[in-house]
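Just below is one structure, and these are the notes that go with it.
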Amino acid sequence: MNMNTNIDGAKAMAGLAIVLTLLLSSGAATAQQLNRTYQDSMGRNVGRSVTDTRGNTTFYDAKGRNTGRSVTNGNTTIVYDQMGRQTGTIRGSK
């Protein structure tokens, strides 16, 4: 693994954390697909997310590579990395 791979992985995980924070603060899922694009302070594209009608979100980096996904059921969101491995669980109160 080279230095660029480590940096790309760190950026992807940081982006995923930001996206999850935004996702959880946005409230309940709507009945339509939601596409979001994320930019850094210089206006450069750093990634995007696609949320389906069931509230499941897939995250992509700036090059369009899958960086992870989240699956929400009720007040619990399970987070997976790009390989499908569970990396976290978020529980909220209703």
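Coordinate-derived values only; no laboratory data. Since the structure is predicted, the reported quantities are computational estimates derived from the model, not experimental observations. Please note: Cβ atoms are built from the backbone with ideal geometry, for glycine as well, and neighbour counts cover all protein chains shown.
A few notes on this one:
- Per-region count, segment 72-92, residues acidic (Asp, Glu) and either in a loop (DSSP other than H, G, I, E, B) or loosely packed, with under 10 Cβ neighbours inside 10 Å (or both): 0
This table checks each residue for (1) within 20 Å of LEU34 (Cα to Cα); (2) without any contact (Cβ under 8 Å) to a residue 12 or more places away in the chain.
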{"site": "ASN45", "(1), (2)": "yes, no"}
{"site": "ARG48", "(1), (2)": "yes, no"}
{"site": "ASP52", "(1), (2)": "yes, no"}
{"site": "PHE59", "(1), (2)": "yes, no"}
{"site": "ASN66", "(1), (2)": "yes, no"}
{"site": "VAL79", "(1), (2)": "yes, no"}
{"site": "GLN86", "(1), (2)": "no, yes"}
{"site": "GLY92", "(1), (2)": "no, no"}
